[in-house]
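The next block holds one structure in the form of structure tokens; read it before the comments.
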Amino acid sequence: MFATIEALVATANGPAGLLFIFVYSVLVAFVLPLPGELVLLPAPQMELGVPTALTIGVVVLVSAAGKAVGSLAAFRIGRGAVSAGPSQWFLQRFAPKSGAPRGSGPVLSFVRRYEYVGLAVLLSIPLMPDTVVIYAFSVLNTDDERRLVIAAFVGTVGRLLVTLAVVTGALAVI
């Protein structure tokens, strides 16, 4: 199933392709264990009637908007789990195995310390699992959904720009 989704993303084209990229990015934020960077694959060949650089920019912005919407959904789901009580599984999963208190795992510790900026930074790291970061953030006592959406948007733009820079640099060396 994941191979089919990856193939669909890689062949996205035109305005319908942008819609698919948006939906894919929403799902990557809270349910799909797939890399968000896949949205860059079809960007150079998409037929949007604008120069390639602008097409890539549009793809980055559409993906970031989708990730922001998906992050909000994941945040609300995570907050619901916290208020309902089953968050103990989540906290145990991300706590270190050394006997440290629950909820003191490395992702939670970083996000707890740096809050929304930390969320944006972690979401800027290529191949970092978005769902882990977003759900970790949801267990913290934060309620500013507007800042969450901005952090997810900025983090996704950062991630895709870092990915483009790394790929472009690697191709220049080859």
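When you scan the range 133-142, do you find a residue that is modelled with pLDDT of 80 or more, under 20 Å from the mean Cα position of the chain (by Cα), under 23 Å from residue 9 (Cβ atoms) and part of a helix (DSSP H, G or I), even just one? Scanning the range 133-142, I find at least one residue that is modelled with pLDDT of 80 or more, under 20 Å from the mean Cα position of the chain (by Cα), under 23 Å from residue 9 (Cβ atoms) and part of a helix (DSSP H, G or I), so the answer is yes. The set of residues from the range 3-31 being over 16 Å from residue 132 (Cα atoms), in a helix (DSSP H, G or I) and among the hydroxyl-bearing types (Ser, Thr, Tyr) comprises 4, 24. Would you be able to say whether some residue in the range 32-43 is part of a helix (DSSP H, G or I), more than 15 Å from residue 152 (Cβ to Cβ), free of Cβ contacts under 8 Å to residues at least 24 places away in the same chain and out of contact with any Asp or Glu (no Cβ under 7 Å at 6 or more places or on another chain)? Among the residues of the range 32-43, at least one is part of a helix (DSSP H, G or I), more than 15 Å from residue 152 (Cβ to Cβ), free of Cβ contacts under 8 Å to residues at least 24 places away in the same chain and out of contact with any Asp or Glu (no Cβ under 7 Å at 6 or more places or on another chain), which makes the answer yes.
Looking at this structure, is residue 128 modelled with pLDDT under 85, closer than 20 Å to residue 163 by Cβ and not hydroxyl-bearing (Ser, Thr, Tyr)? Walk me through it before giving the result.
Working: modelled with pLDDT under 85: yes; closer than 20 Å to residue 163 by Cβ: yes; not hydroxyl-bearing (Ser, Thr, Tyr): yes.
It is true that residue 128 is modelled with pLDDT under 85, closer than 20 Å to residue 163 by Cβ and not hydroxyl-bearing (Ser, Thr, Tyr).
The values are calculated or read from the model by the stated rules, or taken from the named source; none is laboratory data. This one's a predicted model, so the numbers in the text were calculated from it and none came from an experiment. Neighbour counts run over all protein chains shown; Cβ positions are idealised from the backbone, glycine included.
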